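First up is the structure itself, then whatever we jot down about it.
The values are calculated or read from the model by the stated rules, or taken from the named source; none is laboratory data. Predicted model only: the values in this text are computed from it and were never measured. Every residue, glycine among them, receives a Cβ derived from its backbone with ideal geometry; neighbour counts consider all protein chains shown. Accessible surface is based on the protein model in full, side chains and every heavy atom, while ligands, DNA and RNA are left aside. Shrake-Rupley method; radii C 1.70, N 1.55, O 1.52, S 1.80 Å.
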Amino acid sequence: MDEAKILEETEIEPIDSDFPEVVPILPLRESVVFPQSLVPLSVGRSGSLKAVEDAMAGNKWLGVLLQLDPEVDEPTSDDLFTIGTLCRVIRVMKYPNQTEMVLVQGQKRFRVLDFTQEKHEIEARIEVLETLTEKSLELDALVKNMTSRFHKLVTISPNMSSEILAALRKIEDPGHLVDAIAAHLDMDSDEKQELLEKISVRDQLQFITRILERELEFLELGSKIETDVKGELERGMKERYLREKMEAIRRELGDDEDSEVRDMRDLILDAKMPPDIEKEAMKELDRLAEIHPSSPEYTVARTYLGWLVELPWSKRTKDRLDIEQAKKILDEDHYDLEKVKERILEYLAVLQLRSGKRTRMRGPIFCFVGPPGVGKTSLGQSVARALGRKFVRMSLGGVRDEAEIRGHRRTYIGSLPGRIIQGIRRAGTRNPVFMLDEIDKLGADYRGDPSSALLEVLDPEQNHKFQDHYLGVHFDLSQVLFIATANILDPVPPPLLDRMEILELPGYSEEDKIQIAKSFLIPRQVEEHGFRGIKLSFEESALKKLIREYTHEAGVRNMEREIASILRKVAVKALRKEKNPKKKWAITENEIPDFLGPPKHFPELAERVQRSGIAVGLVVTRVGGDIVFIEVSKMKGKGNLILTGQLGDVMKESAQAALSYIRSQAKELGIDPEILDKNDIHIHVPAGAIPKDGPSAGITIATALVSLLTNTPLKPDLAMTGETTLRGKVLPVGGIRDKVLAAHRAGVKTVILPKRNESDLFEVPENVRANLEFHFVDMIDEAFLLALARPSSRQTLRKPHRAGRGLGQRPMS
């Protein structure tokens, strides 16, 4: 039988004035029974069933207590509140699933004095509590306030019947009225228990009034929300009606521009933009719908929406996380460059570890630094291929306008997004490999500073909300792998440099170039020149001659150009005279001049240092490492110092410091002081048309001065680098690998380096170290002793540290 029907058919019995002292206890998980209320309870636990059975066998009295924790299945006296409701069992209905529905009528509040039994069921000795009612004007006001608020609540609530109000009008006692109202309110069990434990009617009225205030506030807020939603729906229906009417009018007029608006709306929805950007796009689309197609503004708005829908807001390529496959691809495309390849594989490993994370890893920002022709740009393409991503290249050489990076605002005629957004659209994914080529050649003028605009692009903390001036909305660049390239770092602003991870790509040794030519350059040029069916190769001696006498570079770009020139001449030679061309060609050393003409570079090292006053230094330029000749001459004068060769301020100061040191040590060096007083010293650094600067030529200038003033030439196969102080201390310098490779290319046999640069030799290839002898010096007089071919007998110089060839020996005195 339905519980509601049972409640309707059950008559409430009159309250009995005789209450028992000991009653069985029925624990309830989350229900509270108030006095004067008729409540059906579902009973299924063994202890609870036993309590109901004992009540029915006796006087039908049952004590109802709320559990402290509703999750406890077998509660004891410690798990129950001590104040509950004394109830009379009205009816019991048994169900087939061993549970019962017990209909109880609340009678009085009671307090447990002590629990008398807990073995099979809980029994307690109780004390019936009487409510405290004091007639007063305040009490009447509280009752009236509570009644009016409950009346308002019943009126608003869709779940309460107005019949409740009719039943409440028959109740005169304030305490009974509170209990009756509480039984109809949606309170949690803790609030109901708190109300049950209040004995004072005044406290009960104040508590129930607060609950009614809260319920009224919730219902009024819900009603307001429902009204607002209904109003929005009505407005939406009205707008839809007007739009359909407008479409009908346009169709009658033969104006079909609405079809383009419809198509654009579908494109916006298909683009899966972020909600705020989609809202902006829809707003612009509504504006477009109101503009006539012949208006110039129509084209501006249509172009803008075209850019928005074509950007890859949600499209991304899946990364290839196979480290072994990525390593194979990198090795196929580039020779050596182990440090750079290792860093790319580290990035792949981290991506693989984070593949299951919800938050994606922000893309690192690399900067490949090295001379031209070492493979910076092609390495970026290989990284994209190894990751399985799209590749986009943006050349920054000569860019001077900030709008090239961030775009022009839409107020300008012909405005477009910046080249960053253009590149992202070209890639078609939000996580391409984006190469910023030649970042060291950015310019700046009255139109702004592009390097400052790049600060936001290359900052992982900002580029997830990059905002292009044209778009006017943010675009997430945090998943893009940015790779910048530069020949040197000096022109790059420090704040921009700080945002990038520098990876150096130094120049190649002669052996590296030979391997690159055999494995990469020659096969590529053979393919490009169409030598199908003809096997063409270069002897190693021919490649060495090509490298030494026809190219002078740290990279391999010119060498590839010369190889292409040879292949073109081979093609002409093979097809001009012979009907059946040779199937196999092997280019020898002696044939190189026939194809390329006389040598372009000569080994002038030995010839130029035969005279005193000439020393060979090692420098780093935009195109890699190189050797430089320091020439010193003296003539009658007043002890002046003349400097030529387009020297920078730092290099001029190095020359002055070297001369000052020699003046102070003239006696120890065997130099007549009168020579310095009665002669002018002229220092020249060829080639004069090329600007030169830096402190690393200090030791070379000092050695050339001593060579001139002692009339002692330097050893012909020796070069050096290092900064000097006025006390003769030799300080460390940078670019050791590039300088050593330049010395090796130039035929140098002995290299003098600062002692503190000894650890930098580990970056030099082993085959290069094996062909050179290195000496490390702390003081400049150690360099004099090593460099001068026939030291003066008057010199008392300190012996230098000698490292031997390569790094096989430690320095020894």
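In region 145-170, which residues are in a loop (DSSP other than H, G, I, E, B) and either touching a residue at least 40 places away in the same chain (Cβ under 8 Å) or acidic (D, E) (or both)? Correct list: S157 only.
Quick grid of which residues meet (1) out of contact with any Phe, Trp or Tyr (no Cβ under 8 Å at 6 or more places or on another chain); (2) closer than 20 Å to I502 by Cα; (3) modelled with pLDDT under 90:
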position	(1), (2), (3)
G428	yes, no, no
V433	no, yes, no
K441	yes, yes, yes
A444	yes, no, yes
R447	yes, no, yes
V457	no, yes, yes
N463	yes, yes, yes
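Among residues that are open to solvent by less than 10 Å² (accessible area, probe 1.4 Å), acidic (D, E) and either under 17 Å from P765 (Cβ atoms) or under 21 Å from the mean Cα position of the chain (by Cα) (or both), D498 is not included. Here G670 meets the list (1) open to solvent by less than 10 Å² (accessible area, probe 1.4 Å); (2) more than 57 Å from the chain's Cα centre (by Cα); (3) not β-branched (V, I, T) almost entirely, failing just condition (1). Scanning region 308-322 for residues that are modelled with pLDDT of 85 or more and under 23 Å from the mean Cα position of the chain (by Cα) gives L311, P312, W313, S314, K315, R316, T317, K318.
Okay, residues lined up against (1) in contact with a Pro (Cβ under 6 Å, 6 or more places away or on another chain); (2) hydrophobic (A, V, I, L, M, F, W, C); (3) more than 25 Å from P754 (Cβ to Cβ):
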residue: Q656; (1), (2), (3): no, no, no
residue: L659; (1), (2), (3): no, yes, no
residue: E668; (1), (2), (3): no, no, no
residue: K678; (1), (2), (3): no, no, yes
residue: I683; (1), (2), (3): no, yes, no
residue: T710; (1), (2), (3): no, no, no
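As an exercise: evaluate S42 against (1) of a type in the set (S, T, Y); (2) surrounded by fewer than 15 Cβ atoms within 10 Å (Cβ to Cβ); (3) in contact with a Leu (Cβ under 9 Å, 6 or more places away or on another chain) and give the number of the one condition it does not meet. With (1) of a type in the set (S, T, Y); (2) surrounded by fewer than 15 Cβ atoms within 10 Å (Cβ to Cβ); (3) in contact with a Leu (Cβ under 9 Å, 6 or more places away or on another chain) applied to S42, the lone miss is (3). Just one of the numbered conditions (1) assigned to a helix (DSSP H, G or I); (2) touching a residue at least 12 places away in the same chain (Cβ under 8 Å); (3) open to solvent by 50 Å² or more (accessible area, probe 1.4 Å) is not true of E342: (2). Of the residues examined, R745 is one that is modelled with pLDDT under 85 and buried (at least 20 other Cβ atoms within 10 Å of the Cβ). Every listed requirement among (1) in contact (Cβ under 8 Å) with a residue 12 or more places away in the chain; (2) under 20 Å from P70 (Cα atoms); (3) assigned to a helix (DSSP H, G or I) is met by M187 save one, (3).
The conditions of being open to solvent by 30 Å² or more (accessible area, probe 1.4 Å), touching a residue at least 40 places away in the same chain (Cβ under 8 Å) and either touching a Ser or Thr at 6+ places or on another chain (Cβ under 7 Å) or not in a loop (DSSP other than H, G, I, E, B) (or both) are met by L267. Candidates in region 754-796 are the residues that are in a loop (DSSP other than H, G, I, E, B) and modelled with pLDDT of 50 or more; of these, the one that is surrounded by the most Cβ atoms within 10 Å (Cβ to Cβ) is V764. So is L659 of a type outside the set (K, R) and over 12 Å from A702 (Cα atoms) or not? The answer is no for L659.
Of all residues in region 640-667 being of a type in the set (S, T, Y) and closer than 20 Å to R727 by Cβ, which is most open to solvent (accessible area, probe 1.4 Å)? Once the filter is applied, the top-ranked residue is S664. Yes or no: A574 at pLDDT 90 or above, surrounded by fewer than 18 Cβ atoms within 10 Å (Cβ to Cβ) and aliphatic (A, V, I, L, M)? Taking the combined requirement at face value, the residue does not satisfy it. Taken together, the residues in region 61-82 that are open to solvent by 20 Å² or more (accessible area, probe 1.4 Å) and of a type in the set (A, V, I, L, M, F, W, C) amount to 3. Could you check how many residues of region 679-701 are out of contact with any Asp or Glu (no Cβ under 8 Å at 6 or more places or on another chain) and either of a type in the set (S, T, Y) or farther than 20 Å from D626 by Cβ (or both)? Total satisfying the criteria: 5. Residues in region 163-187 that are open to solvent by 80 Å² or more (accessible area, probe 1.4 Å) and under 60 Å from the mean Cα position of the chain (by Cα): H184, D186.
Filtered by the rule that a residue be surrounded by fewer than 19 Cβ atoms within 10 Å (Cβ to Cβ), aliphatic (A, V, I, L, M) and in a strand (DSSP E or B), region 719-733 gives a lone residue, L731. Filtered by the rule that a residue be in contact with a Pro (Cβ under 8 Å, 6 or more places away or on another chain) and more than 16 Å from I420 (Cα to Cα), region 466-498 gives a lone residue, N487.
The C-beta contact set for region 466-495 (first residue over 20 Å from E278 (Cβ atoms) and free of Cβ contacts under 8 Å to residues at least 12 places away in the same chain, second residue open to solvent by 10 Å² or more (accessible area, probe 1.4 Å) and in a loop (DSSP other than H, G, I, E, B), distance under 8 angstrom, 6+ apart or interchain) is empty.
Taking first residues from region 390-407 that are at positive phi and partners that are open to solvent by less than 30 Å² (accessible area, probe 1.4 Å) and part of a helix (DSSP H, G or I), the Cβ contacts under 9 Å between residues at least 6 apart in sequence or on separate chains come to G407/I420; G407/I421. Counting the residues of region 689-706 that are modelled with pLDDT under 90 and open to solvent by less than 40 Å² (accessible area, probe 1.4 Å) gives 4. Among (1) surrounded by fewer than 21 Cβ atoms within 10 Å (Cβ to Cβ); (2) at pLDDT below 90; (3) within 28 Å of G625 (Cα to Cα), which single condition is R393 missing? Looking at each condition in turn, R393 falls short on (2).
Quick grid of which residues meet (1) open to solvent by less than 80 Å² (accessible area, probe 1.4 Å); (2) not acidic (D, E):
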{"residue": "E297", "(1), (2)": "no, no"}
{"residue": "L321", "(1), (2)": "yes, yes"}
{"residue": "D331", "(1), (2)": "yes, no"}
{"residue": "V350", "(1), (2)": "yes, yes"}
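Among the residues of region 519-536, not one is over 45 Å from the mean Cα position of the chain (by Cα) and either open to solvent by less than 10 Å² (accessible area, probe 1.4 Å) or at pLDDT 85 or above (or both). Residues in region 435-475 that are loosely packed, with under 15 Cβ neighbours inside 10 Å, among the charged types (D, E, K, R) and within 14 Å of the chain's Cα centre (by Cα) were compared, and the one that is farthest from R406 (Cα to Cα) is E461.
Counting only helices (runs of 4 or more DSSP H) that fall entirely inside region 589-702 and contain at least 1 residues that are in contact with a Phe, Trp or Tyr (Cβ under 8 Å, 6 or more places away or on another chain) and aliphatic (A, V, I, L, M), the qualifying elements are 592-596, 666-669.
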